[in-house]
Amino acid sequence: FDGNLPHEPTADITGSAEPRAAGTDEQAVARGMAALATLPEPQRQAVLLIKIHGHSTAQAASILGTTVGAIKVRAHRGYVALRRKLAGATSPDSTGLAVASKIALEQSP
């Protein structure tokens, strides 16, 4: 799995019910991308598939060729790590991961 999926992200990793504005703070996007990029590959894949691309844990497990339990553990560890990395952010849009993911998908080959 190379992180590239054929469709647009469907969810904000923060779990916020508020939609993101098109002009999301570029610094927030940069913080989100940087934090996501620091995750170990298995955690990053799980977070991307579940929170960004909207797959179920069963779908993510199938895509990655692993068990649902493993996906749940990887995703949880990824969420915890992201929260820790972004805890010092001062912007209300402290992650920008949904927008950052969209940018990453648009830039991928």
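The values are calculated or read from the model by the stated rules, or taken from the named source; none is laboratory data. Since we're looking at a predicted model, the values are computed, not measured. No Cβ is skipped: glycine too gets one built from the backbone with ideal geometry, and neighbour counts run over all protein chains shown. Surface areas here come from the heavy atoms of the whole protein model, side chains and all, with no ligands, DNA or RNA. Shrake-Rupley method; radii C 1.70, N 1.55, O 1.52, S 1.80 Å.
Would you point out the residue of the range 73-97, among those that are touching a Lys or Arg at 6+ places or on another chain (Cβ under 9 Å), open to solvent by less than 50 Å² (accessible area, probe 1.4 Å) and assigned to a helix (DSSP H, G or I), that is modelled with the lowest pLDDT?
The qualifying residue modelled with the lowest pLDDT is L97.
Tell me, which residue of the range 19-34 that is open to solvent by 30 Å² or more (accessible area, probe 1.4 Å) and in contact with an Asp or Glu (Cβ under 8 Å, 6 or more places away or on another chain) is modelled with the highest pLDDT? Can you show your working first?
Narrowing the range 19-34 to residues open to solvent by 30 Å² or more (accessible area, probe 1.4 Å): 19-23, 25-27, 30-31, 33-34.
Among the residues that remain, those that are also in contact with an Asp or Glu (Cβ under 8 Å, 6 or more places away or on another chain) are: 20, 25.
Values: R20: 52, D25: 74.
Per the stated criteria, the residue is D25.
Given A70, A37, A60, A100, which one is at pLDDT 90 or above and buried (at least 20 other Cβ atoms within 10 Å of the Cβ)? Please lay out each step first, then the result.
On the way: A70 fails: buried (at least 20 other Cβ atoms within 10 Å of the Cβ); A37 fails: buried (at least 20 other Cβ atoms within 10 Å of the Cβ); A100 fails: at pLDDT 90 or above.
Criteria check complete, one pass: A60.
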